[in-house]
Structures are given as structure tokens and as C-alpha cells.
Amino acid sequence: MLDAKYPVEVFWVEEDGAYFAISPALGNGVSAYGDTPEEAITEFGVVLDLVLESYKEHGVEPPAPTASGKLSLRLPKSLHAQLARQAESENVSLNMLLVSMLAASAGRKAAAKK
């Protein structure tokens, strides 16, 4: 599961033909690939869990996050309900759904610029 303290950035990597997810606070060594931005983020969540668990097991303090990664957003009740239903149907949190949607949009825009 993603830790909100470590915001994820997703990039299209042309030579690999895949999306690459990292958290700048953790460096490029903590990364994941996916065929879609959503898949890269999901895989990054798995990697992040393993890395944070390893830090804990070895008594090492994880790097301090570079940004809060928090966003407060007011939505119309109907939109909130629609997104909550979609998140439930996809068996993810509303937060994860929104992160995936935003990453997909950012990835498409970045790819379109190339």
C-alpha cells in the first residue's frame, strides 16, 4: 500500500516501453515499472512496502519525505459518490483511485509532448 508521505512520480520511459514510478524522497533505487501508470503505481506500492519493512527490520530510519503529498479537494457530493463507487468496484481506496487517475492523465500529457 502506498504511504502518503512518499508521493509517487510516474514517467514514460520510451526505451523500455513502460511507465516508471519513483518517489523522489527515496531515490531511483526504489522504483517500479508497469504497462500503464496505474500498474506502475500499484507495483511501486508493493516495492515501497518491502523497502519500508526492510528499514524497520534493520533499525534504519527511512529518508524524510521531500513534500507532504497532501491535497485537500472539495467535490460535489454526486461526484464523490460516483468516484467512491468506482473505487469500491476496483477494490482500491478512493485516494488510490484518484492518484491513479491523475498519474494516467499526467503520463498521457507527458507522452503527447514527445
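Throughout, read-outs are computed from the coordinates displayed, never taken from laboratory work. Just so it is clear, the model here is predicted, and its values are computed rather than measured. A quick note on method: Cβ atoms are made from the backbone with ideal geometry, for glycine too, and the neighbour counts reach across all protein chains shown.
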D (µm²/s, integer) via Stokes-Einstein for segment 9-113, Kirkwood Rh across alpha-carbon pairs, 10 °C, 1.306 mPa s: value 104
Calculated from DSSP helices alone, with each H run of at least 4 adding -39500 (n - 2.57) and the total divided by the residues of the chain, [θ]222 nm to the nearest 500 comes to -16000 deg cm²/dmol
Taking the Cα centre of segment 9-113 as origin, sum charge times position over the Cβ atoms of Lys and Arg (+1) and Asp and Glu (-1), and report the length of that vector in debye to the nearest 20.
-> 760
Most positive-pole-ward Cα, ALA64, ALA25, ALA112, against dipole of the chain from beta carbon charges | ALA112
